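Novice: Shown below is the structure under consideration.
The values are calculated or read from the model by the stated rules, or taken from the named source; none is laboratory data. Source: prediction; values computed, not measured. So basically every Cβ, Gly included, is an ideal-geometry build from the backbone, and we count neighbours across all protein chains shown. The area values use the complete protein model at the heavy-atom level, side chains included, leaving out ligands, DNA and RNA. Shrake-Rupley method; radii C 1.70, N 1.55, O 1.52, S 1.80 Å.
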Amino acid sequence: MRNHKRFTVACLSGDGIGPELMAEASRALAEAGRLHGFSVDEVHAPFAGEAASRYGHPLPAETREACRRADAVLVALTKEPALEGVKADLEFTWRVQRVRLEKGDIAVVSPLDDQLEPFVVRRAFDLARSRRARVAAVGDGPEWGTFVAWEADRHPGVEVEHLSLSKALPRLLNDPDGFCVVVTQRVHAELVSDLAAASTDGSRIVASGRLSQTGPGIFGPTHGSAPDIAGQGVANPSGILLAASLMLSEGLGEHAAGRTLERAVSTALASGVRTADLGGSGPAATTRDFMDAVLDLMPTTRTDVEFAA
């Protein structure tokens, strides 16, 4: 019988829509744990505007310590300047971005250190095996080509496409559905990630994570506090839910649980459950309505297959 695992997650809600989004993420983590046999102990630490009003500083010492001691950090507002202090305390070596499209999704993997290129290429192929078995390698140079060739030999079932930056960028912007996992070099990472996340109609939902090989990673959606809609119950939780699924998979090693949550979010969106910012033909869902739909779907989207990191 599988041992029951316990994880500690530092939850940084901040102000604005942050607390209501984090509340829904907490519900998702609890359900994922129930379905997959683990528990998450949440440490809700003061952060950003909330912390500044209570403690006179947006990143108190107790919050920094909570992040250092956690197994992972989930943040509701990744555009808060205070987050830079958290990042400075943790030794990140690579990053992953998940972009949910209208008809699928893309994962973008890149190193934060050039020496980690072999590691991120290997991680990209591992990730592709659990998805649609396609890797687009965006980079140049003989060493880069060698790293990709090594992993391609180790994963004969994964389709590999070699692309230059100039070929990849317009396709990411205009025809992203052809991608599954994109792996790129540090020097190209910012452009590749930005173009993967960009859309003319705002329909792409983006979550990202920065990870360490020795300590906790940090995960969150790519939006700010949106104070104009705070407290109205209309904030779109899909970004933080994708961030939570990314944290489960890549930060805590609970790959099946992460996939269960990710598939539930995608299924809810595909079935027409959408908050007002995403439009749609039917009445707009509230933040809680959307989360209720995801929770209802999670038992049916459950997968018990774990993929090795």
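Novice: Pairs, please: C-beta under 9 Å, at least 6 apart or cross-chain, first residue closer than 19 Å to residue 181 by Cα and in region 90-101, second of a type in the set (Asp, Glu) and open to solvent by less than 30 Å² (accessible area, probe 1.4 Å)?
Specialist: Here the result reads 96/250; 98/105; 98/262; 99/105; 100/262, each pair linking region 90-101 to a residue that is of a type in the set (Asp, Glu) and open to solvent by less than 30 Å² (accessible area, probe 1.4 Å).
Novice: Taking region 48-65, which residues are open to solvent by 20 Å² or more (accessible area, probe 1.4 Å) and either in contact with an Asp or Glu (Cβ under 6 Å, 6 or more places away or on another chain) or in a helix (DSSP H, G or I) (or both)?
Specialist: 49, 50, 52, 53, 54, 55, 61, 62, 64, 65 - these are the residues of region 48-65 that are open to solvent by 20 Å² or more (accessible area, probe 1.4 Å) and either in contact with an Asp or Glu (Cβ under 6 Å, 6 or more places away or on another chain) or in a helix (DSSP H, G or I) (or both).
Novice: While we're here: Considering region 66-80 alone, what residues qualify as being in a helix (DSSP H, G or I) and either of a type in the set (Val, Ile, Thr) or surrounded by fewer than 20 Cβ atoms within 10 Å (Cβ to Cβ) (or both)? Give the steps one after another, and end with the answer.
Specialist: So the first thing to find is which residues in region 66-80 are in a helix (DSSP H, G or I), and the list is 66-69.
Within region 66-80, 68, 69 meet the criteria.
Novice: Right, next: Examine region 74-90 for a residue that is closer than 21 Å to residue 239 by Cα and modelled with pLDDT of 95 or more, and state whether such a residue exists.
Specialist: yes
Novice: Name the residues in region 24-62 that are under 16 Å from residue 12 (Cα atoms), of a type in the set (D, E, K, R) and within 19 Å of the chain's Cα centre (by Cα), would you?
Specialist: 24, 27, 42
Novice: Select from region 269-309 the residues that are at pLDDT 90 or above and in contact with a helix residue (DSSP H, G or I) (Cβ under 6 Å, 6 or more places away or on another chain) and write down the one among them that is most open to solvent (accessible area, probe 1.4 Å).
Specialist: Once the filter is applied, the top-ranked residue is 302.
Rundown of residues vs (1) in a strand (DSSP E or B); (2) open to solvent by 10 Å² or more (accessible area, probe 1.4 Å), yes/no style:
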position	(1), (2)
203	no, yes
208	yes, yes
223	no, yes
228	no, yes
233	no, yes
239	no, no
243	no, no
250	no, yes
261	no, no
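Novice: Does residue 212 count as at pLDDT below 85, surrounded by fewer than 21 Cβ atoms within 10 Å (Cβ to Cβ) and of a type in the set (Ser, Thr, Tyr)?
Specialist: The answer is no for residue 212.
Novice: May I pose another question? Criterion first (at pLDDT below 90, open to solvent by 10 Å² or more (accessible area, probe 1.4 Å) and assigned to a helix (DSSP H, G or I)) does residue 26 satisfy it?
Specialist: For residue 26, the condition - at pLDDT below 90, open to solvent by 10 Å² or more (accessible area, probe 1.4 Å) and assigned to a helix (DSSP H, G or I) - is not met.
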